[in-house]
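Worksheet: the structure to be examined is printed underneath.
Only the coordinates and a few stated rules stand behind these numbers; no lab work does. Quantities reported herein were computed from a predicted structural model and do not represent experimental measurements. Note that each Cβ is placed from the backbone with ideal geometry, even for glycine, and that neighbours are counted across all protein chains shown.
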Amino acid sequence: MNTDKRQRPLSDIFSLTHDQFVDAAFHRYGKKAYYSSPVYRQIMKNGQTDLSALDSADRIPQWLDQTEADLGPMRGKVVKRIDDGGVAKFVTRLDDGLDIESVIIPMHRRHTLCVSSQVGCRMGCRFCRTGKMGLIRNLDAGEIVEQIFTARHGLGVDVRNVVFMGMGEPLDNLDNVVQAIRVLEDQRGMDIARRYITVSTAGVVDGIDRLARLDDGPVNLAISLNAPNDEVRSRIMPVNRNNPMAALKASLLRYPLRKKSACFIEYVLIQGINDRPEHARALARYLKPLPVKLNLIAYNPTPDSGLQAPSPDAVEQFRSWLVAEKVFVRQRGEKGGAIMAACGQLGGKQRLSVPEHCR
Ligand code: SF4
């Protein structure tokens with residue numbers, strides 16, 4: 001990651017906060033914030049890339065011409081959009097020909113956007129299609145932010161919440177994810193408050209601790225737990241071998257949640273793996289001291305995983321065991337299953353579009 005943002009081309013605008021953009025414009029053109037600040041707002045807040053509409057265009061047409069040339073066309077291109085009963089998945093083709101997927105989830109009035117943080121993932125969770133790809137590369141902060149920009153201004157979606165729950169393990173690409181969060185929450189640009197941003201992890205403990213130390217307060221945290229004990233978890237989530245559940249729990253107890261908020265726990269129920277009554281009891285014991293809300297999700301079968309979906313009755317039974325143990329459970333409907341937009345299903349056909357040199 002290039003840390004000296006003053007040296008970055010302005011085409012990296014999606015990677016830059018307002019102040020970083022102003023700083024970069026000053027170093028590149030010697031123009032002060034009076035000129036560059038409206039450019040940032042026009043693009044990042046209003047989604048307007050025609051800079052000639054700016055008041056200041058009359059005064060500095062030459063600089064704006066240069067700036068427009070520098071900004072160039074938007075980098076990613078939406079190559080596919082698929083809708084399924086309100087949930088929509090769109091595929092963005094990156095500069096190097098790789099595809100990433102983002103999922104639009106309708107909420108009550110506005111929308112949640114599930115974004116990718118990597119192309120592929122090296123965590124290797126058995127139930128996950130993205131994990132089968134392995135890690136191809138990290139996304140930079142701009143490629144993450146551009147997914148939200150595209151949803152808002154390219155597809156006309158009113159995005160309020162952002163969850164890092166798409167392709168990739170965000171804590172395996174933490175520098176870029178943190179920079180993307182800073183850009184997203186900049187009120188002079190995308191203006192998505194930190195309380196509307198959630199980072200979901202498979203349980204990378206040192207990453208959780210780093211996230212806890214973010215300036216200006218932590219983001220919401222979600223843990224993809226999926227097991228009641230180390231034996232089951234290590235079988236389906238290799239990340240558990242170096243980040244056992246006791247260490248994960250200790251990091252969650254340390255995590256500075258906002259007042260009255262909770263950590264979200266994702267539990268994908270898989271037939272014959274993590275669905276027994278003793279699993280529900282052990283899970284309840286594990287969660288007891290933690291301020292959490294549990295999302296119970298029926299596994300969506302994917303080809304070649306060797307894993308089976310539970311029946312609706314089995315999901316309901318497991319939920320009732322947890323409720324009897326006084327666990328707060330939300331049973332999440334699998335909106336988007338038909339378009340492979342459900343949990344652990346992104347990246348299914350990704351290999352078809354991976355350039356030869358990356359395989
Ligand atoms: S579930 Fe998440 S962490 Fe696990 S392989 Fe899939 S993308 Fe990676």
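Quick notes on this structure:
- Cα-based shape type of the range 200-304, given that a ≥ b ≥ c are square roots of the gyration tensor eigenvalues and the cut on a/c is 1.5: prolate
- Note on 121, 114: ascending count of other Cβ atoms within 10 Å places them as 114, 121, the fewest first.
- Over 30 Å between alpha carbons, listed pairs 80/260; 132/260; 89/132: 80/260; 132/260
- Ascending count of other beta-carbon atoms within 10 Å, so fewest first, for 18, 153: 153, 18
- The range 277-309-the range 88-165 distance, computed between alpha-carbon centres (Å): 24 Å
- Put simply, when 139-150, 187-198 are sorted by average Cβ atoms within 10 angstrom per residue, most first, you get 139-150, 187-198.
- Virtual spin-label span in nm between residue 276 and residue 187, 7 Å along Cα→Cβ: 5.5 nm
- Around residue 117: net Lys/Arg minus Asp/Glu count, Cβ-Cβ under 15 Å: -4
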